[in-house]
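Here's the structure, in structure tokens; my notes come after.
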Amino acid sequence: MSATALTNTIPTSASTPKRALDQLRHDPAYQAFTLLRIAFTVAPIAFGIDKFFNVLVNWESYLAPWIRDISPLSTTHTMEVVGVIEIIAGIVVNLLSYSGYYDIALRDFGLMLAALTLGRLASKFDPPWSFRAGHPREKTAASYNEEEVSWAERAPVGR
């Protein structure tokens, strides 16, 4: 797919919320970006918080024995630390090191790939602050693109 296939088709004269809603209705790439953004905000936070309450599952049974053996904390406290870390970033190493939980590791690997995809989509739909309209470095953003279009001009939703 060429870069021009993903260019913004919503008129820049439209207000920011209207442009975002129009894109959400008509632009499959922006829909994917929005869905992934929601999923990767809610899922890690929900699973991380559940490490403290064990509502979804008894998370302690997912702790690899070698980690339990080397951890100076109890199994419960170790999983709470994992919960905090999981809120910040996904962890696959623990599950890969304990046979029988490869399905969860595969799920987490898929989530990681989707998160990387979200990051790539964010470069189009939600560029870094320094590349937005009005920022002093906005003019240098055009050098990152083969076309002479700044990130601020390409971003469908400004802040």
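The values are calculated or read from the model by the stated rules, or taken from the named source; none is laboratory data. For clarity, every value in this text was computed on a predicted model and none was experimentally measured. Using ideal geometry, Cβ is built from the backbone for each residue, glycine included, and neighbour counts are taken over all protein chains shown.
Looking across the stretch 69-95, just one residue is surrounded by fewer than 13 Cβ atoms within 10 Å (Cβ to Cβ), at pLDDT below 75 and farther than 15 Å from Ala43 by Cβ, and that is Val93. If the condition is being within 21 Å of Ala105 (Cα to Cα) and at pLDDT 90 or above, then the stretch 46-55 contributes Asp50, Lys51, Phe52, Asn54, Val55.
Among the residues making up the stretch 1-45, those that are at pLDDT 85 or above and closer than 24 Å to Ile87 by Cβ are Ala32, Phe33, Thr34, Leu35.
For the stretch 35-42, state whether one or more residues are assigned by TED's automatic domain parsing to the domain that holds Leu121 and on the phi > 0 side of the Ramachandran plot. Looking for residues that are assigned by TED's automatic domain parsing to the domain that holds Leu121 and on the phi > 0 side of the Ramachandran plot, one finds none in the stretch 35-42, hence no. In the stretch 121-144, the condition of being modelled with pLDDT of 80 or more and outside any helix (DSSP H, G or I) is met by at least one residue.
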